[in-house]
1. What ranking of Lys79, Lys63 emerges when the number of other C-beta atoms within 10 Å of each C-beta is taken as an exposure proxy, fewest first?
2. To make sure I understand, if each residue's beta carbon is the centre and we count other beta carbons within 10 Å, what order do Lys368, Lys363 fall in, fewest to most?
3. For a test of the definition: using alpha carbon positions, the gyration tensor, and the 1.5 limit on a/c, classify the range 108-239 as rounded, prolate or oblate.
4. Which pairs break 21 Å Cα to Cα here: Lys111/Lys297; Lys41/Lys79; Lys177/Lys360; Lys108/Lys320?
5. Quick one: check the C-alpha center-to-center distance for the range 400-478 versus the range 98-156, whole angstrom.
6. Over the residues of the range 252-391, compute the C-alpha Rg and express it relative to 2.2 N^0.38 Å.
7. Would you kindly derive the ³J(HN,Hα) couplings of the range 449-460 from the backbone phi angles with the Karplus curve 6.51 cos²θ - 1.76 cosθ + 1.60 (θ = phi - 60°), listing them in order in whole Hz, with x for Gly and Pro?
8. Could you list the residues of the range 65-93 with an amide nitrogen less than 18 Å from a label point located 7 Å from the Cα of Ser48 in the Cα-to-C-beta direction?
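Every number here is computed from the coordinates shown, using simple stated rules; none is lab data. As the structure is a computational prediction, the values presented were derived from the model and not from experiment. Cβ placement follows ideal geometry from the backbone for every residue including glycine, while neighbour counts extend to all protein chains displayed.
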Amino acid sequence: MQRITIAKGDGIGPEIMDATLKIINAAGAQLEYDEIEVGEKIYLSGNSSGIAKESWDTIIKNKVFLKAPITTPQGGGYKSLNVTTRKFLGLYSNVRPCVSLHPFVETKHPKMDIVIIRENEEDLYAGIEHQQTDEVIQCLKLVSRPGCEKIVRYAFEFAKQYGRKKVTCFTKDNIMKQTDGLFHQVFDEIATEYPEIENEHWIIDIGAAKMSDTPEVFDVIVTLNLYGDVLSDIAAQIAGSVGLAGSANIGEECAMFEAIHGSAPRRAGQNLANPSGLLQGAVMMLNHLGQNSVATKVHNAWLKTLEDGIHTYDIYTEGKSSKKVGTQEFADAIIANLGKEPVTLKPVNYQSGQEITLPKYEKRTPAKKELLGHDIFVHWNGTDANELAQKMDTIGTSNVKLSMITNRGIKVWPEGFSQTFCTDHWRCRFKTENGKTINKEELIILLQQCLQNGIDTIKTENLYQFDGKMAFSLGQGQ
Ligand code: NAD
């Protein structure tokens, strides 16, 4: 027996969890359950994290967590528990298979069989946001080398383990040259270690368009957190329904399994919801726990039930489906099919030893990091960048001088365009000339000068080079 933690969540959560547990128990899952309460009720009781301290203890003790979707209340102050769990427990990899069930579930993409592997801990989901001026709020996009290495290596290991032929990387590194650029660079580095697996890179916008149009050309897709979130909902929906796809969140020690969809509050309490997403999550969990024959039995019975045309409302099609059923009846039909295999759809056969363990991340020798200047961000209500440049004229030292002003990243001084729309959020770049390096004292002098001259500084960023390589972006138009 293995002890796991479960949470029934909100909205349709309790119904789909009950259905899922009924099916896996009937299939002979060797599991004992500790149930914890998370989500809306906990949030609204004044706990902004949506989970009590004792519940963390249970999750960490059991290491494996099967979680139904939860509702994050709208409005400020509530942090998404899903994101918190993934990050607290180091669940760096989010695996989302999206497979067509043609001809039994309506789809325009009969040959689609994609696994989206989404980075799960960083990117814009770092959740670091600040309002800095009346008009501008920022969200920090953080991308790390260990984060990229872990997820990219996981994607290639996954492809190897499950006999997949190709890994495609999606980024937007034509625009975000530093952050997405690092992801792409790490992808290229790690791909060389897997010569037997084809690899390719697509810019996310055209890649997403291609995936929505001809998903059958993709196999395993690896991408950053936000892109993966959006892409996997699209992939699940075009494969048949968001209600069909499950998700495994894998870390070095712990793992969490769930459906990819949310709590669908409008469908709650009506015995309508499709439990397949959470059931698929549970199948991945059983495989992860080494209970492969149970995972195989449940998955094949589920395929057989879909083949029989027994469908919940979201996948029911007149003429194609034989019977429209509710959550409970769908679960009972799967239970009745336990031990059977699909006839037309390909049966699955989970093998043992499919758990993926990565080598520990090894820190590299730190690079030589040198300072070349500072970006000082300023809150200023004027509209003419030349006027701001004049105001900043008194700021500077013999080492660093104002070299550029941008507004929302576009260069507005020197030689800006009068057509460029400007907000009240300005970046003033102070740089040394000819690559001369400085120390941080310069920044203190600049900030003191700003203070004395009534300039409202809102934040600063250091301009570094690492091993002589410039490590900051130019201004657009520079
Ligand atoms: P949602 O995924 O909950 O539902 C969108 C629509 O998809 C539903 O109205 C329904 O028509 C359909 N749908 C989703 N799951 C279905 C199922 N199992 N069976 C049949 N139809 C299904 O998205 P939303 O409405 O944007 O979000 C609702 C709440 O869920 C929000 O509070 C959101 O924060 C939360 N959420 C939670 C998770 C999670 O717990 N992992 C993930 C996403 C959203």
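1. Details: Lys79 13, Lys63 17.
Ascending number of Cβ neighbours within 10 Å: Lys79, Lys63.
2. Lys363, Lys368
3. It comes out oblate by the Cα gyration axes.
4. Values: Lys111/Lys297 23 Å; Lys41/Lys79 14 Å; Lys177/Lys360 27 Å; Lys108/Lys320 14 Å.
Listed pairs above 21 Å: Lys111/Lys297; Lys177/Lys360.
5. Value for the Cα centre distance between the two parts: 31 Å.
6. 1.85
7. 4, 4, 4, 5, 9, x, 8, 7, 7, 10, 5, 10
8. Counting only backbone N, you get 72-85, 88.
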